[in-house]
1. If a residue has to be at the interface with chain B (Cβ under 8 Å from one of its Cβ atoms) and assigned to a helix (DSSP H, G or I) to count, how many in the range A:110-157 make the cut?
2. When you look at residue B:330, is it within 14 Å of another protein chain (Cβ to nearest Cβ), over 17 Å from residue A:149 (Cβ atoms) and in contact (Cβ under 8 Å) with a residue 12 or more places away in the chain, yes or no?
3. Filter the range A:100-148 down to residues that are touching a helix residue (DSSP H, G or I) at 6+ places or on another chain (Cβ under 8 Å) and at positive phi and give me whichever is modelled with the lowest pLDDT.
4. From the list B:58, B:89, B:42, B:63, exactly one residue is more than 14 Å from every other protein chain (Cβ to nearest Cβ) and either surrounded by 19 or more Cβ atoms within 10 Å (Cβ to Cβ) or modelled with pLDDT of 75 or more (or both). Which is it?
5. Mind listing just one residue for me: the one in the range B:310-324 that is surrounded by 16 or more Cβ atoms within 10 Å (Cβ to Cβ) and touching a residue at least 12 places away in the same chain (Cβ under 8 Å) and, of those, nearest to the other protein chains (Cβ to nearest Cβ)?
6. Being at the interface with chain B (Cβ under 8 Å from one of its Cβ atoms) and farther than 30 Å from residue B:77 by Cβ is the requirement here; does residue A:100 meet it?
7. Of A:22, A:28, which residue is closer than 22 Å to residue B:204 by Cβ, within 11 Å of chain B (Cβ to nearest Cβ) and modelled with pLDDT under 80?
8. Of the residues in the range B:138-159, how many are part of a loop (DSSP other than H, G, I, E, B) and in contact with a strand residue (DSSP E or B) (Cβ under 9 Å, 6 or more places away or on another chain)?
């Protein structure tokens, strides 16, 4: 008999998941934390939110950081919710969370991560090896989904400033 | 199952009322403290026993272990260790069923067992008998049910006492099985850990802003520390005030909790960061004029030149000149970069 391990990423909720649908309560709570968060059993990651997953991809040892905040699960030994502080200037994990919130595709997410650091459409096109026209189309969708009035408002909102 | 009794059929009105209360508790998430810690004492009391409760199993690299233990009348930690050791040594020598996959006839059925019979069924290969000796639990009657979802055990739920059980107690426990099953399978769904409403509570606590778990129509089931402070500040209007504040102040996420009335996770929207400290730091570092600082304050929240010109009562041309000067002073290649640099660094 083997222990069945729950998948790290919630199934079927990536990309354009309906925003009105009911969400698994634990997933909803982990996502609402905002910064990278995990459910740990001992040292093993049982669940993680989007920012947590993105952070672990970039930095596999992130959970060993000394500034991790631990909230033990009452009544269940060896389990804790662990929250890591946001890394200042980290557009990648923020873009992953924003993509989820706004229902963006992985491609939009990559465009957003560059756009948010102030890269021009031409610069984004070069970085992602596609045409500037394509980038423009992506930016239009992102502005629409994020409900931002301009590219600048989007950047400010992306970083929590508007 | 046509022979499943219902609580309404329990004859004694006092017992019926207490059983109905227990069933109602299993239907809500209000049963604080978390992890169904309230279940064992209430079950034991209802069934007139000295000890009992619930525990669950998990597979750990092919061995059976106790996943959680929620009992009264036993020395908790020590009992869990001993039980765990007995199960991981030889589960089939300990109990007369497969703890991870009992036979269909053993699932969700209330059975009464005497300790001698348990020993015989388990072929007395040491496990339970030595555990009993250690815990001075010699001759007892046991009434238990393996609450199952499909083939897997959600929990062993049962009670123990020195005198035999009567039909009344068996009926009572049988009547509670559907509610136990619903609740325990919900607990499993709430987290990968069974009996883990506590896991949800810990995650809600970790939300840095006020957060509430709300049940339709308007009951606060759980609140984190910031949420409790918020409710205490307005004890009269409470949830109504939160609802009236609208979706820009609080997000209401509908939760998937099959078999329960609608629930929402209500989280206070984080206010946008106050730009003042960053503005002051930038103005000092780049030696900005008061006018440049005013323009910068508007540029960084995404305002267009025309809007800025109107707000400050100057021409759009003048705004353009200020913006150009700002780009130069802050060494930004573009307006986008300026906004990004302003917000993205450590405050």
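The values are calculated or read from the model by the stated rules, or taken from the named source; none is laboratory data. The structure displayed is predicted, hence computed values, not measured ones. Heads up, the Cβs are rebuilt from the backbone with ideal geometry, glycines too, and the neighbour counts pull from every protein chain shown.
1. At the first step, the residues of the range A:110-157 found to be at the interface with chain B (Cβ under 8 Å from one of its Cβ atoms) are A:115-120, A:148-157.
Now restrict to residues that are assigned to a helix (DSSP H, G or I): A:115, A:151-157.
Number satisfying all stated conditions: 8.
2. The answer is yes for residue B:330.
3. Going through the qualifying residues, I end up with A:103.
4. On the way: B:58 fails: more than 14 Å from every other protein chain (Cβ to nearest Cβ); B:89 fails: either surrounded by 19 or more Cβ atoms within 10 Å (Cβ to Cβ) or modelled with pLDDT of 75 or more (or both); B:63 fails: more than 14 Å from every other protein chain (Cβ to nearest Cβ).
Result: B:42 is the single residue among B:58, B:89, B:42, B:63 that is more than 14 Å from every other protein chain (Cβ to nearest Cβ) and either surrounded by 19 or more Cβ atoms within 10 Å (Cβ to Cβ) or modelled with pLDDT of 75 or more (or both).
5. B:323
6. For residue A:100, the condition - at the interface with chain B (Cβ under 8 Å from one of its Cβ atoms) and farther than 30 Å from residue B:77 by Cβ - is not met.
7. Details: A:28 fails: modelled with pLDDT under 80.
Sole residue among the options that is closer than 22 Å to residue B:204 by Cβ, within 11 Å of chain B (Cβ to nearest Cβ) and modelled with pLDDT under 80: A:22.
8. Here is the first cut: in the range B:138-159, the residues part of a loop (DSSP other than H, G, I, E, B) are B:138-140, B:150-151.
Narrowing further to those that are in contact with a strand residue (DSSP E or B) (Cβ under 9 Å, 6 or more places away or on another chain): B:139-140, B:150-151.
Here the count works out to 4.
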